[in-house]
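Structure, as structure tokens:
The values are calculated or read from the model by the stated rules, or taken from the named source; none is laboratory data. In this text, all values refer to a predicted model and were calculated from it rather than measured experimentally. Reconstructed Cβ throughout: ideal geometry from the backbone, glycine too, with neighbour counts over all protein chains shown. These accessible areas exclude ligands, DNA and RNA; they are computed on the full protein's heavy atoms, side chains included. Shrake-Rupley method; radii C 1.70, N 1.55, O 1.52, S 1.80 Å.
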Amino acid sequence: MTENARNPRPTARTRTLPPWTLLAAGAVLGGLLGGAYGTFKPPTYTATSYVVAVPTEKSDPASALGFAQAYGRVATQVAVLGDAQVWAGVPVSTLRSSVQTATSPDAPMVAVSATSTRRDLAADMANAVARSLTRHANDTQDSTHVELLQFSRAVKPAEPSSAPPTVTGLVGASAGGLLGGLVLLVRPRRRTEESAPAASVPAPATAADVHGQL
């Protein structure tokens, strides 16, 4: 009975791991998942075609700049993509999800970018949308007094635009370490399983005991 009281069961400190192990485990697991994602996911390629708005004799550069901004917004509309799907050989839904446009506040130019897992398809989609946009814009040239011309055709990209496995692995490790740190912050604190024994205080001697000792 006395031996059991002197040798209590192992405390929680001997059964649990240090808190930093959760950070390390999260970083390692996140790095493995991120690296696997970058390795097994097919690489994507991005091709870009450029068109430029040119003012006619009845217009000015400011008007061309304004129409270039407007053409950049309508490039991904159904009216433009409907014709582009014939030249690209893909449905409108694919063009809508794969094509993006960008404009500059200083230059009357529209960049049409397309992303695909195939290099040739990325270039074909970008050129098809740029061609369709140019055609629709020039149909209203008499009223807008702005002509849209193709400035540069899209070519097959030489390198993928998606992140390599090393980058996705580093991103995953950072995210895993951050998640592990958040778990450490929000986890409930461990209660002490065994409280320290309270110090015993001798009871005060009664008057009769003191008198007997005297």
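Within region 134-157, work out how many residues are in contact (Cβ under 8 Å) with a residue 12 or more places away in the chain and assigned to a loop (DSSP other than H, G, I, E, B).
Counting residues in region 134-157 that are in contact (Cβ under 8 Å) with a residue 12 or more places away in the chain and assigned to a loop (DSSP other than H, G, I, E, B) gives 6.
SER93 passes all but one of (1) closer than 19 Å to THR48 by Cβ; (2) under 26 Å from the mean Cα position of the chain (by Cα); (3) assigned to a helix (DSSP H, G or I); which number fails?
Of the numbered conditions (1) closer than 19 Å to THR48 by Cβ; (2) under 26 Å from the mean Cα position of the chain (by Cα); (3) assigned to a helix (DSSP H, G or I), the odd one out for SER93 is (1).
Modelled with pLDDT of 90 or more and β-branched (Val, Ile, Thr) - does that describe any residue in region 59-75?
yes
Any chance region 105-119 includes a residue that's closer than 18 Å to THR46 by Cα, among the acidic types (Asp, Glu) and at pLDDT below 95?
no
Could you tell me which numbered condition ALA68 fails, if it satisfies all but one of (1) open to solvent by 60 Å² or more (accessible area, probe 1.4 Å); (2) assigned to a helix (DSSP H, G or I)?
Every condition holds for ALA68 apart from (1).
Can you pull out the residues in region 166-183 that are modelled with pLDDT under 75, under 14 Å from the mean Cα position of the chain (by Cα) and over 13 Å from ALA24 (Cα atoms)?
If the condition is that a residue be modelled with pLDDT under 75, under 14 Å from the mean Cα position of the chain (by Cα) and over 13 Å from ALA24 (Cα atoms), then VAL167, THR168, GLY169 are the ones that fit.
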